[in-house]
1. Mind listing the long-range amide H neighbours of B:Ala209? Cut-off is under 5 Å, sequence gap 5 or more, other chains count too, H placed in the peptide plane at 1.01 Å from N.
2. Under 5 Å between amide H atoms, partner at least 5 residues away or on a different chain: which partners does B:Gly18 have, H built in plane at 1.01 Å?
3. Given a 1.4 angstrom probe, what's the average accessible area per residue across chain B, in square angstrom?
4. Just which residues of the range B:98-147 lose 40 Å² or more accessible area with every protein chain there, against their chain alone, with the probe set to 1.4 Å?
5. To the nearest Å, what is the center-to-center distance of the range B:53-109 and the range A:94-108, using C-alpha atoms only?
6. I'd like to check one number: the per residue accessible area of chain A, probe 1.4 Å, reported in Å² as a whole number.
7. Can you list the aspartates and glutamates whose alpha carbon is less than 13 Å from that of A:Lys213, not counting same-chain residues fewer than 8 positions off?
8. Using alpha carbons only, how many degrees (0 to 90, rounded to 10) separate the axis of helix B:132-144 from the longest principal axis of chain B?
Amino acid sequence: MTIVKHELKQGVKAFAIWTFAIGFLLAVSIVLFPEMKEQMAQAGNMFASMGSFTAAFGMDRLDFSVYKGYYAVECANVLGMGGAFFSSLIAVGILSKEERDKTAEFLLTHPVSRVRILNEKLSSLVIRVLLMNLLIFAMSLGMTELIGEQIFWKEIILLHLAFTLMQLELTGICFGISAFMTRGSLGVGLGLAAIMYFLNIISNLADSVSFLKYVTPFGYCEGGDIVNDGLDAIKILIGLTFGALGIAAAYGKYTRKDIRA
Amino acid sequence: MEAIKTEKLTKYYGANRGIDQLDLRVDRGEFFGFIGPNGAGKSTTIRTLLGLISPTGGSARVLGFDIVSDKQKLLGRIGYLPSDVAFYAGMKVRDVLKLSADLRKTDCAAESAYLCERLQLPRDRRVDELSFGNRKKASIVCALQHKPELLILDEPTSGLDPLMQKEFFDILHERHEQGATVFMSSHVLSEIQRNCSRAAIIREGRIIACDRVEALGKTNAKRVNVHGSVPIGDVPGIRDVNRQGDTLSFLYSGDMGQLLRILSEGQITDFSVTDPDLEDIVLHYYEKDGVRS
């Protein structure tokens with residue numbers, strides 16, 4: 001647990017900043033709903049006439065004038081993008097930073113196996129992702145109560161569960177990438193999260209590329225799909241397989257890796 | 001029993017040679033020096049022994065443990081001081097020392113405090129605010145606080161002022177007297193000469209000489225220092241000639257009668273003939289392609 005504690009301490013500032021930023025934006029979105037309720041009814045008509053634009057952002061199957069629909073698009077987008085960036089960033093640097101900052105020599109010359117280092121670093125990532133999502137979920141429930149809206153338990157739990165799984169998938173993939181990098185990995189993490197987000201938008205635009213929904217984890221986080229049909233187990237299973245492959249790649253690479261001076 | 005034993009230990013980085021069929025033996029309780037210029041393979045040897053890089057051939061045992069299959073066991077008994085010290089940014093010295101002790105599952109608080117006091121290391125400062133010398137001291141405490149059986153030190157005194165170097169070597173000798181083995185690589189040959197009982201010279205990834213430090217100096221070459229003028233011309237056996245003002249210094253290996261004849265032909269105010277120091281010897285080995293004369 002020494003490395004878990006060490007990683008959590010090292011990452012506490014980034015964790016606090018990201019959790020606060022996502023939580024704050026989500027809270028603002030929720031607080032705005034009562035004022036925007038009526039405008040949203042009109043906006044709904046406007047969006048309905050915008051064709052594939054509404055489909056691109058998954059807004060074609062939801063009613064914005066009700067809190068459930070508004071939350072599934074507006075609030076989930078904040079948590080979706082923010083959570084994806086957060087999980088990718090913390091995971092993609094977790095192994096490579098040791099070589100970049102030359103602390104690998106310090107860590108790896110202690111009697112700690114590389115498998116234990118991987119186990120504990122991965123645990124610290126999972127703890128941070130779960131804790132961040134728990135805090136955001138609790139805050140979200142609190143804010144929903146505050147504005148006097150009814151909590152739509154099933155849908156909100158499924159929405160937050162999907163985003164947590166999406167972040168865990170990205171964590172696994174970026175953990176794998178991190179084992180292969182020696183420096184400058186943050187751009188890769190941000191880039192990956194952004195690409196995945198846009199792949200989902202593209203997949204919503206045309207049927208010919210709809211298979212991309214099985215590639216990007218945003219594919220199983222569509223608010224409209226979750227609210228109307230629940231979670232898509234196949235997409236989630238494929239996504240978690242990608243995450244597991246990333247983790248396996250990290251173990252395969254890092255346990256044999258030559259650490260540069 | 002050996003503290004370090006390598007047999008044909010080889011490490012290639014792709015096509016580039018790191019070390020090539022390196023055979024080295026360091027007995028327990030020795031104070032051993034490891035000499036060679038940059039790129040000779042010193043750090044590659046050390047990094048391979050510590051498991052930071054994997055050998056591409058051969059084998060090595062440290063304190064009786066295989067460096068590949070028993071890595072954790074041997075690392076628990078080693079203290080390592082890297083040449084380039086780096087710690088986690090934002091941590092205080094005391095937290096770094098505690099982290100190192102926790103990773104070893106050992107309570108080193110008393111020894112850590114004692115060493116910090118001897119080395120005058122401020123424990124409440126953040127490591128990224130420290131000078132290079134103080135970071136080096138923090139690394140020394142990390143390497144020593146758990147009282148390891150074997151100390152592997154890579155260029156240990158770079159960044160330390162002369163007073164701290166003395167204190168550091170005092171601590172090393174105390175540990176050595178208590179039974180620890182010290183394996184030290186250094187560019188500062190006088191350090192090796194003053195402190196080590198045996199030394200190995202590495203060249204292009206291979207050990208070209210390994211003996212007691214005094215024995216390494218027993219070549220038939222002599223360092224000749226002359227004040228005045230001497231007509232050395234192209235006399236065979238003279239090399240490494242340095243002239244500064246009226247002082248002439250050169251290494252001579254050959255007939256001593258001939259040396260005396262040359263000196264008697266010059267205008268000399270003073271002269272000395274001494275055994276060469278370690279620096280001369282390393283130069284000698286490098287010029288002679290590893291063949292001792």
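The values are calculated or read from the model by the stated rules, or taken from the named source; none is laboratory data. Just so we're clear, the structure is a prediction, and the values are computed from it rather than from any experiment. Cβ coordinates were reconstructed from backbone atoms using ideal geometry, including for glycine residues, and neighbour counts include every protein chain displayed. Just so you know, the surface numbers come from the protein's heavy atoms only, side chains and all, with ligands and any DNA or RNA stripped out. Shrake-Rupley method; radii C 1.70, N 1.55, O 1.52, S 1.80 Å.
1. Sorted by chain and number, the residues that satisfy this are B:Ile201.
2. Residues meeting the amide H criterion: B:Lys11, B:Tyr12, B:Tyr13.
3. Numbers: 13170 Å² over 293 residues.
Using a 1.4 Å probe on heavy atoms only, each residue of chain B averages 45 Å².
4. Relative to the lone chain, where solvent access is computed with a 1.4 Å probe, the range B:98-147 loses at least 40 Å² at B:Leu99, B:Leu103, B:Arg104.
5. Here the answer is 13 Å between Cα centres.
6. Values: 11320 Å² over 261 residues.
Value for chain A: 43 Å² per residue.
7. Partners found: A:Glu222, A:Asp225, A:Asp232.
8. 70 degrees
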